[in-house]
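In what follows, a single structure is set out as C-alpha cells and then discussed.
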Amino acid sequence: MTGSLDVNWLAERITDASVKGIAAVTSALIRDGEIPMGTHLPSVRGLAEALAVSPATVSAAWGQLRKQKVIAGKGRSGVWVCGDNISPRPVRFEKIGNYGDAIRADLAMASPDPALLPNLQEAMMQGIACPQLNSYQREPIAPALLAAVKPRWPFPAQAWLATDGGFDAMNCIMQTLIAPGEKVIIEDPSAARLLDMLDNVGADVLPLACDEHGPLPGALAKLLTKGATAMIYQPGTHSATGIRVSEARNEALAKVLLGTRTLIIEDDGIGELSAHPVWSLGRYYPERTLHVRSFSKAYGPDLRLAVLSGPEPLIKRIHSWRNFGASWTSRILQHAVAWMLDDRNTQQLIQQAKVVYATRRRLLLNALEKRGLSLPDRDGLSLFVPVQSEQFAMITLAARGIAVLPGERCRSGGVQFIRVATSRLADEDIAPIADALILASGTDLSPLSAEV
C-alpha cells in the first residue's frame with residue numbers, strides 16, 4: 001500500500017469512531033506496517049463523512065498521532081505517515097549525544113564534572129537518618145529541605161514541592177497545567193527538553209526573542225496579544241546561551257505582564273552554579289509564578305532533586321497528578337540535599353567548582369580570541385558560538401572528532417549557533433578545540449548579534 005490511503009479501507013477497520021478509537025486503530029495499522037511510512041492519510045472531512053462523525057473528531061485523532069510523531073502535515077498539503085514508533089518520545093533530546101564512535105571530545109552535553117561534585121557519603125548517611133523513613137505518607141516536601149531552601153529562594157512562595165529533578169518538575173507542570181492547543185510563550189532559544197515537553201502536551205509554541213539581558217519586553221507584549229496562557233523562561237543562567245536576566249529586565253517584563261493572567265513558569269536549571277542572583281517574577285506575581293530550581297548540576301545528577309514553588313492551588317494539582325506515579329520524592333535524597341545546603345564544607349566545594357568552571361570557559365574564550373573570534377564571557381557550563389551554518393559546523397567538528405550541540409535542537413528561529421560544553425575541558429584539549437571551532441564558525445563571522 002503506497003501513495004494515498006483509501007478512505008473506505010481505513011473506515012472499515014475503525015469500529016470505534018471516537019477520537020481515541022480512530023487514533024488507536026490508525027496507530028496500530030502504522031505500527032504493524034499495513035500503512036507504510038510516506039502514505040498520505042485521508043482528508044479530515046473525507047474520513048469524517050465515511051465514519052459519520054464530525055470533522056473535529058477526526059482532527060483531534062490526527063492531533064494525537066501528530067503528537068506521537070507518527071504523522072506530519074496539515075491543511076491543504078494533507079497528512080502523511082512519517083514514523084512507525086507509536087510511543088511519545090523527546091525527539092530533540094534523544095538526538096543529543098548520538099554521534100558515533102569516532103568522537104574523541106564529546107562537548108554536546110553541558111553536564112557537571114564528577115570530580116567537582118561533593119562527596120555524597122556523609123550526605124547519604126544523614127539522609128538515611130531522616131524521620132519517617134520508608135513511610136508511605138505523601139508529603140509534598142520534607143520539612144528539613146524546606147527549611148534549607150527557603151532562605152535561598154528568590155521570593156516568598158506560598159507552597160512547595162520536591163520533585164525528581166528539574167525536568168521532572170517542568171514535565172509535571174506541563175502535564176498538569178497546559179492543555180493541548182494552548183498557546184505557550186517560551187524564550188528562543190530554550191532547552192531542547194522543554195520544547196519536547198511542549199510538543200508532547202500539544203501546546204502551540206510562541207517563540208520569544210531575547211537579547212543579552214533576557215526576553216525582550218516588546219516581543220513579549222506582542223505575543224501576549226495572541227492569547228498565550230503561559231510563559232516559560234530561564235530566570236537564572238540560560239542553559240543554551242549563558243545569558244542571565246538582569247534586574248532591570250525583570251522589572252520591565254513585570255510591567256508588560258501587568259493586567260494579564262498569564263501563568264509564569266521559571267526554570268532555574270543551573271541552580272547554585274550560577275554566578276549571578278536570580279531575579280524572579282514571583283516578586284511581583286507570586287499568585288501565578290511557578291519557580292523550579294534544580295540541585296543536580298551543583299550537588300549531583302544522581303540525587304535527582306529539584307524544588308518547585310508556587311501558589312497553593314496549583315501546587316496541590318501538581319502534587320495530586322504525581323499520584324499517578326511516584327507520589328513523592330525520596331526523603332533520603334531530600335534530607336541529603338538539605339544537609340549539604342547547610343554544610344559549610346559542601347558550600348565551599350561548590351564555590352570552588354564555580355571558579356573551576358569559569359576558568360575552563362575563559363581558557364577556551366581566550367584561545368578563540370587569539371584566533372580572531374571574540375565572544376562575550378557569560379556564565380554557565382558551555383559557550384554559545386554563532387555560526388554561518390550549523391550543518392557545516394557539525395560536519396567540520398565531527399571530522400575532527402568533536403561533538404557539540406546544534407542550535408536547531410533548541411531554537412525556533414534566530415541566529416544559527418552551536419553550544420560547546422566547557423565544564424569538563426582538559427587544558428591540553430583547548431588549542432585543538434579552538435582551532436576546530438574557528439574552522440566551524442565559517443568565514444567573515446561577525447561578533448555575537450544583539451539578539452540571541
Would you kindly work out the equivalent ellipsoid of the stretch 245-312 from its C-alpha gyration tensor and give its semi-axes, the square roots of five times the eigenvalues, largest first in whole Å? 25, 15, 7
Listed pairs Lys69/Lys226; Lys67/Lys222; Lys20/Lys67; Lys222/Lys255; Lys69/Lys297 exceeding 20 Å between Cα atoms: Lys69/Lys226; Lys67/Lys222; Lys69/Lys297
Using the alpha-carbon atoms, what tilt in degrees (0 to 90, nearest 10) does helix 55-67 show relative to the longest principal axis of the chain? 40
Expressed as a fraction of 2.2 N^0.38 Å, the rule-of-thumb size for a compact globular protein of N residues, what is the C-alpha radius of gyration of the stretch 317-452? 1.38
In nm, give the distance between the simple-model label positions of Lys226 and Ser4, each being 7 Å from the Cα along the Cα-to-Cβ direction. 3.2
Can you list residues from other chains, or at least 5 along the same chain, whose modelled amide H is less than 5 Å from the amide H of Glu187? Leu208, Ile232
Residue-by-residue Karplus 3J(HN,Hα) for the stretch 199-212, coefficients 6.51, -1.76, 1.60, Hz, glycine and proline x: 4, 5, 8, x, 6, 8, 7, 10, x, 10, 5, 10, 10, 5
For the chain, with the dipole built from +1 on Lys and Arg beta-carbon atoms and -1 on Asp and Glu ones, taken about the Cα centre, which of Gly63, Pro114, Phe392 lies farthest toward the positive end? Gly63
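For Thr15 and Asp106, what is the calculated FRET efficiency with R₀ set at 45 Å and r taken between the beta-carbons, to the nearest 0.05? Present the calculation step by step, with values, prior to reporting the outcome.
On the way: r = 50 Å, r/R0 = 1.10.
Calculated value: 0.35.
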With just the Cα atoms of the chain, tell me how far they stretch along each of the three principal axes, in Å, largest first. 70, 59, 46
Between Arg362 and Ser54, Cβ-based FRET efficiency (R0 45 Å, step 0.05) works out to 0.15
Rounded to the nearest 10, the angle in degrees between the Cα long axis of helix 247-257 and the longest principal axis of the Cα atoms of the chain comes to 30
Diffing the stretch 318-329: the Karplus 3J(HN,Hα) column from phi (6.51, -1.76, 1.60, θ = phi - 60°), in whole Hz with x for Gly and Pro, holds 5, 4, 5, 4, 5, 5, 5, x, 5, 6, 8, 8
Enumerate the whole-percent occupancy of each 10 Å bin, from 0 to the last occupied one, for all C-alpha pair distances of the stretch 106-237. 9, 29, 33, 21, 8, 0
Any chance you could give the angle, 0 to 90 degrees and rounded to 10, that helix 430-441 forms with the longest Cα principal axis of the chain? 40
Using amide H atoms built 1.01 Å from N in the peptide plane, name the residues 5+ places from Thr39, or on other chains, whose amide H lies under 5 Å from its own. Val81
Between Ala129 and His276, what is 0.36 nm times their sequence separation minus the Cα-Cα distance? Round to one decimal in nm. 49.5 nm
Stretchable slack from Gln352 to Asp32, in nm (0.36 nm times residue separation minus alpha-carbon distance): 109.7 nm
At most 14 other Cβ atoms within 10 Å and a DSSP loop assignment: could you name the trypsin sites (Lys or Arg not before Pro) in the stretch 3-84 that fit? Lys74
What ³J(HN,Hα) values, in whole Hz, does the Karplus curve 6.51 cos²θ - 1.76 cosθ + 1.60 give for the stretch 343-350 when θ = phi - 60°, with x put for Gly and Pro? 8, 4, 5, 4, 5, 5, 5, 5
Extension gain from Asp427 to Ile395, taking 0.36 nm per residue of separation minus the Cα-Cα distance: 9.1 nm
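Quick check for me: using +1 on Lys/Arg Cβ and -1 on Asp/Glu Cβ, what's the dipole size of the stretch 118-258 about its Cα centre, in debye to the nearest 20?
Computed charge dipole of the stretch 118-258: roughly 320 debye.
Values quoted throughout were computed directly from the atomic coordinates according to the rules given, and no laboratory measurement underlies them. None of these values were measured; they are calculated from a predicted model. Because the Cβ atoms are built from the backbone with ideal geometry, glycine has one as well, and the counts that use them run over all protein chains shown.
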